[in-house]
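Report on the structure given below.
The values are calculated or read from the model by the stated rules, or taken from the named source; none is laboratory data. Treat the numbers as computed from the prediction; the structure is a model and nothing was measured. Note: ideal-geometry Cβ built from the backbone for every residue, glycine included; neighbour counts use all protein chains shown.
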Amino acid sequence: MIDFAPSPDSVPNPVPAAPSRPAPVARLPGLDALRAIAAVCVVVMHVGPIYRTPEVLDSAYLAVDFFFLLSGFVMARTYEQRMRSGRIGPWRFLWLRYLRLWPTMAVGALLSLPFLWRDGMSWSIAANVGLPNFFLLPTRSAPVIFALNLPAWSVFFELVANCAHGLFVQRLGKRTLALLVAGLLGALGLCAWQFGNLDLGSRPENVVGGLARVAFSYALGILLWRFHGDRAPFAIPPVLAFLAMPVLFAAAQGFGFEGPFFDVAFVAVAGPLMLWGGLRSRAMEPLARRVGALSFPLYAVHFPVLLAAEATGISRYLAPFLALACALVTQAAVRRFEHRLKAILTF
């Protein structure tokens with residue numbers, strides 16, 4: 001839900017035969033911190049269902065919409081100029097994104113394999129589910145489209161958004177993009193009203209809602225970048241941006257105003273306000289960068305780690321810390337993998 005930002009790399013070689021590479025782009029520490037907060041909220045939300053205890057922050061599925069918003073903003077910031085100039089084509093862009101996301105998600109998929117058989121799947125069904133899911137492809141052979149590792153549904157939709165971005169969204173002018181975002185907001189509201197909330201996208205019957213979620217938030221992120229770049233149009237205090245997600249999720253649950261109106265308001269209003277507050281933050285930059293980089297490994301592996309912790313009797317209070325430790329190991333392993341393949345992968 002997802003480090004959706006690319007790592008800085010060297011300036012592209014001016015020789016025409018050289019492959020396109022992302023130009024160096026300064027990290028935005030406030031957005032890194034927000035990405036980490038969103039990932040932690042998702043982990044906390046999943047503890048309740050896995051341990052069959054009262055849920056905490058049960059509206060934190062909306063953190064995924066914030067991931068999509070950040071992704072649209074960062075991808076536009078990092079790649080759009082290059083795509084418009086023809087220095088990187090749409091399929092090259094999609095391939096770079098896949099290679100960026102897949103290794104970390106593959107670790108979460110491997111950790112999840114034992115639970116396919118634990119939950120009573122036959123070998124044939126497990127193979128039909130596990131193989132596509134391992135390569136970030138959905139399947140209809142189970143109640144959820146990513147039975148191997150449930151959170152992977154959002155990464156698949158992220159790649160769908162990347163594909164649309166590279167193929168045509170990057171060609172749209174600001175006015176056309178604004179009209180598209182307005183239309184997508186209507187589609188998002190319709191899905192929220194039809195299903196009762198925006199906890200959509202992980203099941204075959206609500207895939208259309210997942211498409212509406214990623215389409216609106218990702219396109220809104222692009223639009224925000226196009227209009228104001230790194231300079232927030234409103235002076236939102238960063239501390240309010242950092243507190244917003246846990247406070248709003250807890251308040252929605254505590255005061256009972258969860259539902260379609262809250263969900264759409266969070267995505268369309270609170271999301272941009274948090275992003276603007278994050279843009280103004282330059283505090284604790286090294287720490288923010290580290291926790292931001294760890295957020296994607298945490299998102300990728302936390303679900304199977306929580307399942308394993310519950311199955312082995314580890315306390316639900318310790319399980320998130322176990323997921324964090326596993327995320328650290330995953331991060332180190334993927335970095336080594338990237339280093340060994342840096343001749344053919346561009347990060």
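Quick check on region 1-56: of everything there that is of a type in the set (Gly, Ala, Ser) and at pLDDT below 90, which residue is surrounded by the most Cβ atoms within 10 Å (Cβ to Cβ)?
If we take residues in region 1-56 being of a type in the set (Gly, Ala, Ser) and at pLDDT below 90, then Ala5 is surrounded by the most Cβ atoms within 10 Å (Cβ to Cβ).
For region 183-233, which residues satisfy the criterion of being touching a His at 6+ places or on another chain (Cβ under 8 Å) and aromatic (Phe, Trp, Tyr)?
Result: Tyr218, single match.
Which of the residues spanning region 210-246 are of a type in the set (Val, Ile, Thr) and closer than 21 Å to Val160 by Cβ?
Across region 210-246, the qualifying residues are Val214, Ile222.
If the requirement is being part of a helix (DSSP H, G or I) and under 21 Å from the mean Cα position of the chain (by Cα), which of these qualifies: Gly254, Gly277?
Just a single option satisfies the conditions, and that option is Gly277.
From the list Val264, Val269, which one is within 29 Å of Gly186 (Cβ to Cβ), assigned to a helix (DSSP H, G or I) and touching a Gly at 6+ places or on another chain (Cβ under 8 Å)?
Unique residue meeting the criteria: Val264.
What pairs come out if I take residues in region 263-274 that are surrounded by 18 or more Cβ atoms within 10 Å (Cβ to Cβ) and of a type in the set (Asp, Glu) and pair them with residues that are modelled with pLDDT of 95 or more and in a helix (DSSP H, G or I) whose C-beta lies under 8 Å away, six or more apart or interchain?
Asp263/Leu62; Asp263/Ala192
For region 67-92, name all the residues that are crowded, with 17+ Cβ neighbours inside 10 Å and either acidic (Asp, Glu) or not in a helix (DSSP H, G or I) (or both).
Correct list: Glu80, Ile88.
Per-residue answers, yes or no, for (1) touching a Phe, Trp or Tyr at 6+ places or on another chain (Cβ under 8 Å); (2) at pLDDT 95 or above; (3) in a helix (DSSP H, G or I):
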position: Asp65; (1), (2), (3): yes, yes, yes
position: Tyr98; (1), (2), (3): no, yes, yes
position: Ser112; (1), (2), (3): yes, no, yes
position: Phe115; (1), (2), (3): no, no, yes
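Say we look at region 179-232 and pick out the residues that are in a helix (DSSP H, G or I) and hydroxyl-bearing (Ser, Thr, Tyr); which of these is surrounded by the most Cβ atoms within 10 Å (Cβ to Cβ)?
Of everything passing the filter in region 179-232, Tyr218 is surrounded by the most Cβ atoms within 10 Å (Cβ to Cβ).
Among the residues of region 305-345 satisfying the criterion of being charged (D, E, K, R) and more than 22 Å from Arg118 (Cα to Cα), which is modelled with the highest pLDDT?
Only one residue tops the list, namely Arg335.
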